[in-house]
Structure formats: C-alpha cells, structure tokens
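Since the structure comes first, as structure tokens, the remarks are kept for the end.
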Amino acid sequence: MLSKNGYEAFIVGGCVRDFILGNTPYDYDITTNALPSQTEKVFENFRIIETGIKHGTVTVIIDHMPLEITTYRIDGEYADNRRPVSVSYTSRLADDLARRDFTMNAIAYNHSSGLYDPFHGQDDIVKKQIICVGNPQERFNEDALRIMRAVRFSSQLGFEIEKNTAECIGKQKYLLKNISAERIRAELDKLLTGKNVYNVLMNYSSVIEEFIPEIHNSIGFDQKSKYHMYTVWEHIAVAVSKACNDKIIRLALLLHDIGKPFSCQEEGNCRHFKGHAGKSADMAQKILKRLKYENSTSKRVITLISHHSDKFESEKAVKRCMSAIGSEAFFQLIEVQKADNLAKKPFCAERIPKLENIKRTAENLIKSKSCLNVKELAVNGNDIKNAGFSGKDIGIILKKLLDEVIENNISNEYEQLMQFVMEIKNNGQV
C-alpha cells in the first residue's frame, strides 16, 4: 500500500535475515521514506498504534498481525546506552541501514528492487558470522543491549562473533548495568534455548557474569570428583546444552550447581558438595528476583534446583516427590536429572535408562489415578469436621491421611480413611 501511494517501502532486519536462512519470520518490520503522518494517512482504515512515534515508528494492525513501519532515520546522540535522545528523518535507505546493529540485520528487500545490502550482510550470513555495522565500539556504546543480542544470536543461529566485535563486547560488557532487568532477562531466555548455547556460555561467561556475578566462583572450579570431568561452570554449560529445549529446564540447569563452590568440603584429593542443591536454590532465588522473573517461573526453577539431587529408588519415593512438587514439575525434574547426568563422566549416562523407567512409573501412577494430593483423597475437610475436628487440625489430618495413602499403609477409600481419622480422635493426638 505504501508503494501504491508513491512511497518506498522495504521489509528490513530480522525477517530478511530469516528468509535468507530459509526460516519463517515471526514478525515483519518495514522501513519507508514516508513520514509517520503519511504512513498513518495510507493506513487510515486500519488500527494504528503510535507507541513508537517519537522514533518514527507507527504500528499498523493488519489481519491481527502488528507491522512496525518506521521512517528512514538517522539516530541522534545516545544518552543512556539504550535509545537515541532524538532522531532525524532521511530520504536515503542507506542512512537508515547504517544505524542498525549487525550487518546480517542491515539488509532490506522489496519485490521491485530485490535485496539492498550495502554492508554485505548476506555474505556474513553465508560465513555465519556476527559483525557490527561500522564501528562496534560505537554501536555498543549507543545501545548496550546489542551486547546481549550478539551473544543471543550466536547461541540461536550458531554463528561466530567476529573478532573485533567480540573484543569490543569484552571491553564494553560493563555497559549492561545500564540495561533494564526485563531486557536482560528476555535476551537470556532466548540465549539459553539456542542450539549453540554451550559455546556461548563458555566463551562469553564474562558477559553473563555482569548480571549474574554469582557464577564467578564456578568458573574454573575443579570438582575433584569421581563423577565429574568438568569444572563446575563447564558442567553447567554442558548440562544446559544437553537438556530439552525448554526455558524453565535450561534456566534451572544454568543455576543448579552455582552453590557448589560455597558448600565444598575437602577430603584428601576429593571434594564433596553436601547441601549444594539448597545453597544453589537460595542463590537462584535472589538472582531470579533481581532479573524480575515472574513468580511462577521463579518458584518452579527453585523447586527443580532444590530437588535435582533427589534419588527415586522406589515407587513410594516417586509418589512422595510427585505429591510434594506436583506432576508437571516432577517430569521437568527428570529432564533436569537426565541433562545433569549427561554432563558428568560417561558412566553416569548409565542412569538415563533408570530415569526413563522412573518417568514411566510416574506416568503409570497418573494413569491409574493414584492419590498424589489432598484433593484426590476420598474424604474432604467437611468429613474431618463432621468427625469432630476444627481449625488447623483439619488440614493436619488430611496431610496425615495423604502420607498414609502414599506409603500404602491404607487405601484411598472412604471407610478406611475415616477409620484412621477416628483412631486419631480416640488417641487424642493430632
């Protein structure tokens, strides 16, 4: 529609990069020589959002899809390492592309002109390298989030970061302190689920350290264990890379052993880490709060870290854990333990079939409708109340009933449960 009204218009940035890579873009950005007011006039019959109007961006909703349409612009001075204080419009597409972060994202395309690639981004995509447009020091100083974007893209795409760009990341990573926790968190989540996450965690641990300084002691920390062949940090990096591509599971693995250096006990030439799961969980809680993860995510990650060393030698043990943390969390815990074992010495991988059997046991418990929580008991609070109990005692008794059912001491049947309740009453002890 912009072209039909006499304006230039190109799709630009990540969507063009994705097309070149043979991937389906998630969204589309359009750049144009039309001024925002002219863009709004062209799309006057569509819903328009002006949230980015200060920087020349108009969002148009077409078929429920938001399209960001930005006027060709030149960015003014950056005062906060994030956004320009002002922008000026330009009539030249080349000027607009020159302000972008990486060459692979500075490519424009439309049907009539084809690719417009003044910074040879397509060549860099073929070479699988991430390189800044122009001077990397200037690009990162303008917007420090580009540092996180560089390592995130390296993880997602499997690209190497060009030497000069990488050196500037190392020198300017401290600028990340000026970036909001929400922005850092969003990039970290994408980084963790990338296919090249191991190399990024190993090569750019100093970047991670800028916002998770708690990992410092894990880097290079020799575990001196018969189970481990990696340092704590490399074990973490391998475990994350071996895990299924799930944000919660990989985030838990990133933090699951960071407490080891602080719970280390020396015994001759060996080291033991008693209580490290709890220590790691305590540290993770502070980290997740600082990065402003939502409560549900934090709670689940902390649960997985707290239980990652648990052993399940019997069906009862499986039932106890499923009852304590919930079925969904239990299956995630099995995935955490699988990745954890794959990041140890090779013989530890022998535990994977056992973990698969434990997973099947859990699945069978669910299929057989085994009682795993208070809500699934054949009695409820009213039944306990009618038996003569009140207040907190009702909850305590329900928990005792659940424990007895899980331990297979009594069946989850109304008569047996109420008989046990009456025994408690007759004994006079809750």
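Observations, loosely collected:
- Taking segment 93-117 as the range and being out of contact with any strand residue (DSSP E or B) (no Cβ under 9 Å at 6 or more places or on another chain) and either on the phi > 0 side of the Ramachandran plot or not small (Gly, Ala, Ser) (or both) as the test, the residues that pass are HIS111, GLY114.
- Pair list, Cβ under 6 Å, 6 or more apart: segment 362-378 residue in contact (Cβ under 8 Å) with a residue 24 or more places away in the chain, other residue among the aromatic types (Phe, Trp, Tyr): ALA362/PHE330; ALA378/TYR414
- Residue in segment 210-222 that is among the aromatic types (Phe, Trp, Tyr), out of contact with any strand residue (DSSP E or B) (no Cβ under 9 Å at 6 or more places or on another chain) and touching a residue at least 60 places away in the same chain (Cβ under 8 Å) present: yes
- Residue within segment 351-359 that is aliphatic (A, V, I, L, M) and buried (at least 19 other Cβ atoms within 10 Å of the Cβ) present: yes
- Pick from segment 137-188, criterion in contact with a strand residue (DSSP E or B) (Cβ under 6 Å, 6 or more places away or on another chain) and either within 22 Å of ILE248 (Cβ to Cβ) or of a type outside the set (D, E, K, R) (or both), ranking: surrounded by the fewest Cβ atoms within 10 Å (Cβ to Cβ): PHE159
- Only listed residue being small (Gly, Ala, Ser), in a loop (DSSP other than H, G, I, E, B) and modelled with pLDDT under 95, chosen from SER112, SER88: SER112
- Hits in segment 1-42 - residues which are part of a helix (DSSP H, G or I), out of contact with any strand residue (DSSP E or B) (no Cβ under 8 Å at 6 or more places or on another chain) and under 19 Å from MET104 (Cα atoms): ARG17, ASP18, ILE20, LEU21
- Residue in segment 134-157 that is farthest from the chain's Cα centre (by Cα), counting only those that are assigned to a helix (DSSP H, G or I) and of a type in the set (D, E, K, R): GLU138
- Which numbered condition GLY22 misses (of (1) surrounded by 15 or more Cβ atoms within 10 Å (Cβ to Cβ); (2) of a type outside the set (Lys, Arg); (3) at positive phi): (1)
- Residue tally, condition basic (Lys, Arg) and over 17 Å from the mean Cα position of the chain (by Cα), over segment 198-248: 2
The values are calculated or read from the model by the stated rules, or taken from the named source; none is laboratory data. Being a predicted model, the structure only gives us computed values, none of them experimental. Here Cβ is always computed from backbone atoms with ideal geometry, including for glycine, and neighbour counts include all displayed protein chains.
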